[in-house]
Amino acid sequence: GQQLNQSPQSMFIQEGEDVSMNCTSSSIFNTWLWYKQDPGEGPVLLIALYKAGELTSNGRLTAQFGITRKDSFLNISASIPSDVGIYFCAGQKGGADGLTFGKGTHLIIQP
Amino acid sequence: GAGVSQSPSNKVTEKGKDVELRCDPISGHTALYWYRQSLGQGLEFLIYFQGNSAPDKSGLPSDRFSAERTGGSVSTLTIQRTQQEDSAVYLCASSFLPGSEAFFGQGTRLTVV
């Protein structure tokens with residue numbers, strides 16, 4: 001049940017701003033996943049990364065699998081009100097290991 | 001069903017009673033996870049199943065918590081002698097393989113009064 005180091009814990013931004021958050025670990029991971037959770041819902045998968053150095057986009061979202069395999073970041077461009085929520089990173093070391101989650105980044109968009 | 005299904009969606013129970021929470025994973029998914037989430041907080045890992053085995057049950061908070069999985073499918077999380085601090089949302093997730101994308105259910109909101 002080890003957790004990843006996810007930062008920042010929370011972000012207060014203006015609509016239209018770009019957002020960046022990241023996760024780091026002292027261990028190497030083979031898989032990095034990014035999730036978003038809306039209030040009252042379960043987390044929903046945004047982006048999955050399986051290869052070191054991989055850069056993947058999903059609309060305004062871009063995520064990268066760090067070349068060292070010990071980190072990943074998620075960027076959101078031109079934020080909109082519906083981007084509000086909690087964003088979680090998750091990693092898997094390999095083999096039969098389960099997923100390890102970060103503690104989440106709370107994104108709050110100020111009008 | 002198409003997604004991970006959890007039941008009940010809400011449960012209010014009296015302190016000291018036992019509760020059972022159920023998770024129906026996506027058909028064919030071998031890995032199954034249970035997490036607990038307090039209001040506005042992160043995901044607290046409870047237990048992970050690969051098939052019917054639990055290689056990692058390090059997150060279970062106390063011996064009042066137990067979980068099982070049968071037939072490589074449905075899982076039940078049991079909390080005995082519930083306490084008020086057990087109140088939280090309990091989330092279940094499943095994935096086809098341990099390292100593949102995990103999909104979450106809507107969660108069970110447990111309130112111990």
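The values are calculated or read from the model by the stated rules, or taken from the named source; none is laboratory data. Since we're looking at a predicted model, the values are computed, not measured. Every residue, glycine as well, gets a Cβ built from its backbone with ideal geometry; the counts of neighbours run over all protein chains shown. With ligands, DNA and RNA removed, areas are computed over all heavy atoms of the protein, side chains included. Shrake-Rupley method; radii C 1.70, N 1.55, O 1.52, S 1.80 Å.
Name every residue in region A:71-103 that is within 28 Å of B:SER53 (Cα to Cα), surrounded by 15 or more Cβ atoms within 10 Å (Cβ to Cβ) and touching a residue at least 24 places away in the same chain (Cβ under 8 Å), in order of residue number. Answer for region A:71-103, where residues must be within 28 Å of B:SER53 (Cα to Cα), surrounded by 15 or more Cβ atoms within 10 Å (Cβ to Cβ) and touching a residue at least 24 places away in the same chain (Cβ under 8 Å): A:PHE88, A:CYS89, A:ALA90, A:GLY91, A:GLN92, A:LYS93, A:LEU99, A:THR100, A:PHE101, A:GLY102, A:LYS103. Out of (1) under 30 Å from B:SER9 (Cα atoms); (2) touching a residue at least 12 places away in the same chain (Cβ under 8 Å), what's the single condition that is false for A:VAL44? It fails just one condition, (2). Among the residues of region B:58-72, those that are under 21 Å from B:VAL19 (Cβ atoms) and either more than 9 Å from chain A (Cβ to nearest Cβ) or among the hydroxyl-bearing types (Ser, Thr, Tyr) (or both) comprise B:LEU60, B:PRO61, B:SER62, B:ASP63, B:ARG64, B:PHE65, B:SER66, B:ALA67, B:GLU68, B:ARG69, B:THR70.
One residue stands out among those in region B:73-113 that are open to solvent by 30 Å² or more (accessible area, probe 1.4 Å), within 8 Å of chain A (Cβ to nearest Cβ) and in contact (Cβ under 8 Å) with a residue 12 or more places away in the chain: the one that is farthest from A:GLY40 (Cα to Cα), which is B:PHE103. Screening the candidates B:LEU21, B:LEU32 for the property of being within 24 Å of B:VAL112 (Cα to Cα), touching a strand residue (DSSP E or B) at 6+ places or on another chain (Cβ under 8 Å), surrounded by 14 or more Cβ atoms within 10 Å (Cβ to Cβ) and touching a residue at least 40 places away in the same chain (Cβ under 8 Å) yields one hit, B:LEU21. Taking the criterion of being crowded, with 16+ Cβ neighbours inside 10 Å and among the basic types (Lys, Arg), the only residue of region A:2-52 that qualifies is A:LYS36. Just so you know, in region B:35-63 the residues that are out of contact with any Lys or Arg (no Cβ under 9 Å at 6 or more places or on another chain) and assigned to a loop (DSSP other than H, G, I, E, B) include one that is modelled with the lowest pLDDT, and it is B:GLY40.
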